Amino acid sequence: MIILPSAYLPSVEYFAHLLQGDCVIDLGEHYIKRSERNRAAILATDGRMELSAQVAHANRPRQKMKDMRLDYSKRWQHQHWGALVASYKSSPYFDFYAPYFEPFYTREYTSLTDYNMQLLEMMCRLTHIAMPRVSEEYITAAEGDTDLRPKKKEGSAFVAEPYIQVFSDRFEFEPNLSFIDLLFCEGPECVGVLERCLRR
């Protein structure tokens, strides 16, 4: 079994695990600051850029993920959508997929996990990748399980499969960005890229 955290615009590695199957998302774990739970990486005109969904009371210790609330006091949705448009408007599949993503940057969601899970469901639907199981209670990893919840993953075996990214004329390939990078650049071929990652 592969245990995953809830993630905002999850990485290519995250989606490779989803494609592999036997995954469960743990909503009972504690929130970890400055992690993929509310952060994603894209490729912008100046290189790698981190996008952070703002959460309320992030400094309170031992908060469960399912209790985390989004904070709209700063216009992070507007900033994120502006960054996505500026970064990917020239990508081959942006115009096709953008209408599916834009609503997530115009309406407000109460909880971080609700926001993350609805985004994930939409991305899985677009790519015909099965949604993983979800646990509302903390999962204790058993021997043989792959636990991807720790902030620092020890010895990750994931090796990215290169594809043509935006700004490839000025930057070397940037591995393991948000899956949105792969989707906008490769469209329906993104699953083939994931399959090649798994064969490496």
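The set of residues from segment 65-84 being in contact with an Asp or Glu (Cβ under 9 Å, 6 or more places away or on another chain), over 27 Å from Cys185 (Cβ atoms) and without any contact (Cβ under 8 Å) to a residue 40 or more places away in the chain comprises just one member, Tyr72.
Sort out for me the helices (runs of 4 or more DSSP H) sitting completely within segment 88-200 that have 3 or more residues that are aromatic (Phe, Trp, Tyr) and crowded, with 17+ Cβ neighbours inside 10 Å. I'd like the intermediate steps shown before the answer.
Details: elements: 94-101, 112-127, 179-186, 190-199.
Per the criteria, 94-101.
Is it true that Thr106 is among the polar types (S, T, N, Q), more than 18 Å from the chain's Cα centre (by Cα) and under 19 Å from Arg39 (Cα atoms)? For Thr106, the condition - among the polar types (S, T, N, Q), more than 18 Å from the chain's Cα centre (by Cα) and under 19 Å from Arg39 (Cα atoms) - is met. Within segment 164-177, residues that are without any contact (Cβ under 8 Å) to a residue 40 or more places away in the chain and within 21 Å of Pro10 (Cα to Cα) have Cβ atoms under 9 Å from residues that are surrounded by 15 or more Cβ atoms within 10 Å (Cβ to Cβ) and among the aromatic types (Phe, Trp, Tyr) in these pairs: Phe173/Tyr163, counting only partners at least 6 apart in sequence or on another chain.
On inspection, Val159 does not qualify as touching a Phe, Trp or Tyr at 6+ places or on another chain (Cβ under 7 Å) and over 22 Å from Asn38 (Cα atoms). Answer yes or no as to whether Asp95 is acidic (Asp, Glu) and within 28 Å of Arg149 (Cβ to Cβ). No; evaluated as a whole, the condition is false for this residue.
Applying the criterion of being touching a residue at least 40 places away in the same chain (Cβ under 8 Å), assigned to a strand (DSSP E or B) and open to solvent by 10 Å² or more (accessible area, probe 1.4 Å) to the residues of segment 1-32, the residue that is farthest from Phe173 (Cα to Cα) is Ile2. Kindly establish whether Ser35 is under 15 Å from the mean Cα position of the chain (by Cα), surrounded by 14 or more Cβ atoms within 10 Å (Cβ to Cβ), at pLDDT below 95 and under 24 Å from Ala141 (Cα atoms). It is true that Ser35 is under 15 Å from the mean Cα position of the chain (by Cα), surrounded by 14 or more Cβ atoms within 10 Å (Cβ to Cβ), at pLDDT below 95 and under 24 Å from Ala141 (Cα atoms). Scanning segment 33-50 for residues being farther than 17 Å from Met117 by Cα, touching a Leu at 6+ places or on another chain (Cβ under 8 Å) and without any contact (Cβ under 8 Å) to a residue 60 or more places away in the chain gives a total of 1.
Take segment 33-77 and flag every residue that is under 19 Å from Leu148 (Cα atoms) and in a strand (DSSP E or B).
Scanning segment 33-77 gives Arg39, Ala40, Ala41, Lys64.
Yes or no: segment 66-75 includes at least one residue that is at pLDDT 95 or above, open to solvent by 10 Å² or more (accessible area, probe 1.4 Å), among the aliphatic types (A, V, I, L, M) and more than 15 Å from the chain's Cα centre (by Cα). Yes, segment 66-75 contains a residue that is at pLDDT 95 or above, open to solvent by 10 Å² or more (accessible area, probe 1.4 Å), among the aliphatic types (A, V, I, L, M) and more than 15 Å from the chain's Cα centre (by Cα).
The values are calculated or read from the model by the stated rules, or taken from the named source; none is laboratory data. Keep in mind the model is a prediction, meaning the values are calculated, not measured. Neighbour counts run over all protein chains shown; Cβ positions are idealised from the backbone, glycine included. Remember, those area values only see protein heavy atoms, side chains included, never the ligands or the DNA or RNA. Shrake-Rupley method; radii C 1.70, N 1.55, O 1.52, S 1.80 Å.
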